[in-house]
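Structure record follows, encoded as structure tokens.
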Amino acid sequence: MTNRHISAFFGFLALICLGFSTAAAAQNGPRREGLDFVIGAPNAPVTLIEYASMTCPHCARFHADVLPRLKTEYVDTGRLKFVFRDFPLDRMALNAHMLARCAGPDRFFAFLDVFFGQQANWTRGTPDQMTQALRRLARLGGMADAQIDQCLADTSVQNEVLAQTMTGEREHRVQATPTIVINGTVHRGGMSYEELDRALRPLAGAR
């Protein structure tokens, strides 16, 4: 995907978020709840939490292959509230999580999609090369260099990410990513859409 296509993709996702908030209700669209970033109806019968690392290939596959179907079948129909929680496995993942947070609730999930979608490109090379590649993606998402610098140096943002990691370890014994928590029940390892669908149907009710 070229820089032009990535930039257009960010804009397309922003329009989707805007449409979601006007068509459904602002409370159902992308938002922040405490340290969590969330989509879906607050009163949905099912809450699904994903603990993920931006440098985890299994997480990238989940966001490419599973989450879009999950959103169509469960989130958009009001049956599921999706919660993303940070669980970076290395310093470069921590940087990516911080940048997504600094983008704000409206653009957070767009940044996730691009960072995961471009993961094979920005996670190669030396640490400096990876950092520069990540910064290029953030710029394409609308962040200025000064904003990027400020974000990556912001210890309060870093502490938010690390607090979610500690919450995952303490509350759900997360050790690897992705880890999925469905209404309090922990499912370790990557799950296919079919596996998730079987777990969700009894909880979400028939359409």
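Summary table
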item: Loop-located trypsin sites (Lys or Arg not before Pro) in segment 89-197, at most 15 other Cβ atoms within 10 Å (DSSP); result: Arg124, Arg173
item: Unit charges at the beta carbon, dipole of the chain: most positive-side option, Val75, Thr123, Gly184; result: Val75
item: 0 to 90° range, to nearest 10: angle between helix 3-23 axis and the chain longest Cα axis; result: 40 degrees
item: 0 to 90° range, to nearest 10: angle between helix 105-117 axis and the chain longest Cα axis; result: 80 degrees
item: Cα centroid separation - segment 126-144 against segment 32-70, whole Å; result: 23 Å
item: Accessible area of the chain divided out per residue, in Å², using a probe of 1.4 angstrom; result: 47 Å²
item: Calculated P(r) of segment 78-138 - Cα pairs past 19 Å, %; result: 29 percent
item: Value of Rg to Rh for segment 165-206 (Rh from inverse mean 1/r over Cα pairs, i.e. Kirkwood); result: 1.03
item: Projected-area mean, segment 97-207, by convex hull of Cα positions, square nanometres; result: 8.9 nm²
item: 0 to 90° range, to nearest 10: angle between helix 91-103 axis and the chain longest Cα axis; result: 80 degrees
item: Dipole magnitude of segment 119-178 about its Cα centre (Cβ charges: Lys, Arg +1; Asp, Glu -1), debye to nearest 20; result: 260 debye
item: Cα-based Rg and Dmax for the chain, where Dmax is the largest Cα-Cα distance (Å); result: 16.3, 50
item: More than 16 angstrom apart: percent of Cα pairs within segment 46-102; result: 48 percent
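The values are calculated or read from the model by the stated rules, or taken from the named source; none is laboratory data. Since we're looking at a predicted model, the values are computed, not measured. As a convention, Cβ positions derive from the backbone with ideal geometry for all residues, glycine included, and neighbour counts pool all protein chains shown. For accessibility, only protein heavy atoms count, side chains too; no ligands or nucleic acids. Shrake-Rupley method; radii C 1.70, N 1.55, O 1.52, S 1.80 Å.
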